[in-house]
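Have a look at the structure below, then the notes.
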Amino acid sequence: MNAHGLEFVVPDEMISVAVAALEKSNLRPCPGPWTCIVTGNHTPSPPPAFHMHIGLTNVYVSIRAHSGTLGFAPPPTDLDFEAELHGMPDAHYTLASNRSLLARPLRSLGRVRGQGAFSRKGPPVRVPLSHVMLEAYIRLASAHRYEYGSFYRSMMTYVQEHVDQDGLLDDTKLSGPCRTFWLGLKAGRRRVRDLVDEFQLALSDADADADADADSGLGISSEAFDGEGSIDGVFQ
């Protein structure tokens, strides 16, 4: 969920197990919670449940709870992995070594954009597919609108400029309110704060409908909403 370290999202009930695994590694404890880029007063995103640093640098490895990040999607399972392998439309995750679906490193004009997919050597690591990651950014920008909205907006810009332009994003898989917000943002004709207002209202209505359908034993299918917006707008 961040650009400054390696973050693992784990099921809420596995947080303590994940923390114990990090503590047994050769990573370093946080040198100071008040000045740390992860937990300090000027951290750009919500602090994780736990983190440690790589050497004496600001690069870190952290643990985040699934409910606070990817709670709209189920945790990865063997069934989800099989769905991705067979190209099924309901897949949410892929292997971090999947070079066909993950952003490729770009080396031009002396710049390097990322390191690309993981090596196929070593234990498998699963990562969200691009549309799941984008939906997480949109939802988190709304949930943390006034504290961290600008950070998540910058991550959406990254997705647009690198992932989407590389043809690695299928935005038709976004949920209805998220896809409307995203298309409006890309269109660049309206203020982002207005789009966020509409998104929050649409999400609230969708959640209310889902609760009502759950009470009656029915399913819910999100409806699409029309909207336009500006990548350079503000969330407040």
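The values are calculated or read from the model by the stated rules, or taken from the named source; none is laboratory data. Keep in mind it's a predicted model, so treat the numbers as computed, not measured. No Cβ is skipped: glycine too gets one built from the backbone with ideal geometry, and neighbour counts run over all protein chains shown.
What the table shows:
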quantity	calculated
Close pairs from the stretch 168-188: first more than 15 Å from Thr157 (Cα to Cα), partner among the polar types (S, T, N, Q), Cβ under 6 Å, at least 6 apart	Ser175/Ser222; Gly176/Ser222
Residues of the stretch 166-200 that turn out to be more than 14 Å from Ala141 (Cβ to Cβ), among the aliphatic types (A, V, I, L, M) and modelled with pLDDT of 95 or more, as a count	1
Checking Phe8 against (1) farther than 23 Å from Tyr148 by Cβ; (2) touching a residue at least 40 places away in the same chain (Cβ under 8 Å), the condition it does not meet	(1)
Gly40 being surrounded by 13 or more Cβ atoms within 10 Å (Cβ to Cβ) and either in contact with a Gly (Cβ under 7 Å, 6 or more places away or on another chain) or not hydrophobic (A, V, I, L, M, F, W, C) (or both)	yes
Close pairs (7 angstrom Cβ cut-off, 6 or more residues apart or separate chains): closer than 14 Å to Gly176 by Cα and part of a helix (DSSP H, G or I) in the stretch 190-212, among the hydroxyl-bearing types (Ser, Thr, Tyr) and at pLDDT below 90 anywhere	Ala206/Ser222
Search result, residues across the stretch 25-53 that are assigned to a loop (DSSP other than H, G, I, E, B) and in contact (Cβ under 8 Å) with a residue 40 or more places away in the chain	Pro44, Ser45, Pro46, Pro48
Subset of the stretch 138-177 that is assigned to a helix (DSSP H, G or I) and touching a His at 6+ places or on another chain (Cβ under 9 Å) - its residue that is nearest to Thr94 (Cα to Cα)	Lys173
Positions within the stretch 69-87 being of a type outside the set (Phe, Trp, Tyr) and either in a loop (DSSP other than H, G, I, E, B) or at pLDDT 95 or above (or both), in sequence order	Thr69, Leu70, Gly71, Ala73, Pro74, Pro75, Pro76, Thr77, His86, Gly87
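This table checks each residue for (1) touching a Pro at 6+ places or on another chain (Cβ under 9 Å); (2) among the acidic types (Asp, Glu); (3) under 27 Å from Asn41 (Cβ atoms).
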| residue | (1), (2), (3) |
| --- | --- |
| Ile138 | yes, no, yes |
| Tyr148 | yes, no, yes |
| Tyr158 | no, no, yes |
| Glu161 | no, yes, no |
| Asp166 | no, yes, no |
| Leu183 | no, no, no |
| Lys186 | no, no, no |
